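Only the coordinates and a few stated rules stand behind these numbers; no lab work does. None of these values were measured; they are calculated from a predicted model. Here the Cβ positions follow ideal geometry from the backbone for every residue, glycine too, while neighbour counts run over all protein chains shown.
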């Protein structure tokens, strides 16, 4: 609007100058109004800048927030379907691109159509004959623009994918930086990156050089328009001896530049959008994943007996059965051991209990109710799993212990860390519970990480405690102590321990031996030793070594 | 705050932009061509407008006025149109040429920046990585490099164009009327001033925006890696709040950054209208006083120039956004590139002295004169070390590991076991004393050579997105398939690899998340088996291998360590019981040493550990 006003006022002043009007009062009045409008324009312009900046950035913030929340709602299977490095770009760089595109395009997007309509209407009013040129060029231009935008999108999707690879390579380099140094493999890493980097350069050059043609096309179209007007105009004026046409041509040519300037702006917006389109698509993929686990149950978990009835499991998008027809009964408060070779399905089995993954066939009951009848929240808060790879976070030891429930009593923290036998080494540290843990817990040893993760699981005060190979990095004495503590303090809790060590589970109330996804045998250690099965062969082998090493 | 702004940023901005331009130096000849192409492209526009608007229209009205026959008139006009066509075609061609050149230069600069980043990253001191998260560093490669793209791609050409236009218009103004042009100069100065101040603020917020983006990257990385734990422990709310806080900061900084670049446009538009109004009013007054030589015609063309004078500024403001965003990203990148690197002034390097596989030492250290065959003898001489000044981690550590012996370290967490190894690999530099490898101070050995002459196996086996085979041969890339399989068999990794879908060709993703800790360690041992260095260091290398497999690899490990010097850290005393020498570390000092038998007889600290009176970590 202010644009039109100013144009009008300028005309007035210029006209005044043209008519040589020397009425100074009038001159100053007009001049004053112009200055006033200039100030108004400033105000409007500043508000435009303010609102555009905020709108675009709020858009980015909200998108990122929604994306993060979406990822939080993912099931484990959803999480498995994305590579982490790709998700990182989707939540940082991709959002930045979209927000930037919005900020940069909003003003021209609103402004140029208005300009376009005004310029076009003036042109048509002035001369219908000359407007024919626009009637041909404009649709052509629109088609070209759309064509380019459509063709540009897949190119930019490739660019973002190449960026994912850069992310992947740098992340892997960073995680393994000490390993790379120790092996003097910097040159190899540089070489590896070189191929990813030059690939990215190639793909990005392709994509950006494609849309760079946009500016040449717009210029070419403008020139074609000018030539078209000249040819049509000349023809008409010469054949009809029409002098008016010549004047029309003059003003027409000046409209052309205005018209095409606004079209140029629109085309730039188009190209910005087609670049951000790739990012939009990638963010959409994140939103399109939905958890296959339905959370319809309302029951609260109270009893901790577990029943598996003919349960089979296939990982989503896989074909082979990881678990095949598993059945067993665990009574509340018992201590259960699961043993079996790597890949026999131990971890998959326990992950089904908390509904981290959805079983494919059969039924699982907790406290005589199907697990689907419980709310996910109730399942997750009453079943604590200490995962095989203990994941610690940047922060203090205390932050990591309290993880997930901030309102924990200090007494509980101390008790849990005593049960998990991490109290002594925490007390050995300089700042005790406030000692800092680095990202991924790299500052702690494997055994320490396992014990902190165990204490963290205990602090959830679970009804069912699942320890997935949580003693693997502990020495025999510490393991013994922890197990005694668990029996003493958690007598009501059902404890399921996965291990490859007989010594860890031999005193369990029941041992489930898994073999290639099937239950090979179930029973106490004594019962299992009477059979001539896998358990016995592992037992004999491990006993031999134990007696050979510790009790000399 | 304003004071610190004034002091800190303009120089930084200038320095950053200059350094960024130094990346363009090598394209100078091409850039000169681009420069002329840009000028031509804009000239084509101006000349074209002149021909179409003035020449052809005049020809047309002349021929109408003179009643020229159609054939004659059209011939003259057609010639002009033809000239116009040629100018236009060349104009479009030069546009295509320079935009395509710029695209390529741009991507090449980004490529070089990334390359420099990685080169530098692999040279930085290890302590840098103790202080910065992975996500933070990754942000340089993506978000910061990305922020530079638009500037080189679009803005560079346009800036050249605007500067030429500004200079051209000002010259024309001066030629028409000196006094009147002072008004214009005044306003242009105002515009520059306005640009200067807003840019300074915008730069600050752009920098903040990139910093926050790096923090978001870092948080996203940590959260995504631990997402399953977050969900299992219902930490969603807290993780979300922390993430949202960063996200909120980003929004505020990014909005301010964009706002401060965008305020230029309305200021410039308003200033140029004020300029125009005042010029027009003063011009009319001058005219009435007969102070303009060329009269009313002069004033009108003067005013047209005044209007056009604003246009290049408008164009310029649109690109300030890009320049500032680029300089914020570039500043961060350059800061990273200026981080301290590892010291490496050794004069000894590793050379091959024999091709015979059975030869005692196939490699040697040499400083150009002396040739010292590699044997793997390590000695620490009164070594002191601290990560933070005045908080010593190691105090007066002295020991010798003669060739082909097994030396073990035990002690509780924080006793300094792993630090000893870090010093040996020269991740950190000793404060006092010295460490020797075959009698040479390790400071005098080239880093690369030192590290290639030892193999270090830690409790974390790092796996890369590649096949199992490539992961094993990572440490010795020219290993044959047979060697890889043989090494895996020795490390007892073969049996589980064969059970995988594609066996040795199975691709590992996400740092081998689908492998158990024990399997990973077996792969780590397979790697070490493949390497044939005279010195091997095991830092809790078998801590996660289950007892079943450990029994199996026990003999293999024995093979692996025989004929080599080994330094072993393990909490399982069974792993170290056959060591030639065991050192018990406590609080950075060696408190006991001897073989197992001697230590047990002593009934000291080791005995306590052995009998379980004291705990190991």
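Descriptive notes on the structure:
- Per residue of peptide A:520-531, the mean number of Cβ atoms on other chains within 10 Å of the residue Cβ is 0.
- Three-way shape call for segment B:133-342 based on the alpha-carbon gyration tensor, with the a/c threshold at 1.5: prolate
- Förster radius 35 Å - calculated FRET efficiency between residue A:427 and residue B:349, Cβ distance, rounded to 0.05: 0.15
- One decimal place: the segment residue B:441-residue B:288 gains 45.9 nm when fully extended, by the rule 0.36 nm per residue minus the C-alpha distance.
- With respect to chain B, whose longest principal axis is taken over its alpha-carbon atoms, helix B:178-225 is tilted by about 30°.
- Three-way shape call for chain A based on the alpha-carbon gyration tensor, with the a/c threshold at 1.5: prolate
- Segments B:99-105, A:316-322, A:529-535 sorted - mean Cβ within 10 Å per residue, highest first: B:99-105, A:529-535, A:316-322
- Between 0 and 90°, nearest 10: helix A:410-419 axis offset from chain A longest Cα axis: 50 degrees
- Fully extending the segment from residue B:559 to residue B:478 would add 26.9 nm, taking 0.36 nm per residue of separation and subtracting the current Cα-Cα distance.
- Estimated FRET transfer efficiency when R0 is 35 angstrom, pair residue B:395-residue B:611 (beta carbons, to 0.05): 0.80
- For the protein assembly as shown, the alpha-carbon radius of gyration amounts to 1.17 times the rule-of-thumb value 2.2 N^0.38 Å expected for a compact globular protein.
- Euclidean distance of C-alpha centroids, segment B:9-45 and segment A:174-190, integer Å: 37 Å
- Inter-probe distance in nm under a simple model that places probes 7 Å from Cα toward Cβ, at residue B:241 and residue A:117: 4.9 nm
- Residue B:252/residue B:193 FRET efficiency (R0 25 Å; Cβ-Cβ; nearest 0.05): 0.40
- Peptide B:490-502 shows a mean partner chain C-beta count of 1 within 10 Å per residue C-beta.
- Rounded if a/c under 1.5, otherwise prolate or oblate - chain B, Cα gyration tensor axes: prolate
- The modelled label-to-label distance between residue A:187 and residue A:202, using points 7 Å beyond Cα along the C-beta direction, is 2.4 nm.
- For chain B, the longest principal axis of the Cα atoms and the long axis of helix B:264-288 meet at an angle of about 20 degrees.
- Computed from label points 7 Å out along Cα-Cβ, the spacing between residue B:25 and residue B:116 is 1.0 nm.
- Spin-label zone in segment A:212-243 - amide nitrogen under 19 Å from a point set 7 Å from the Cα of residue B:93 along the C-beta vector: A:213-224, A:227
- Cα centroid separation - segment B:75-151 against segment A:39-107, whole Å: 24 Å
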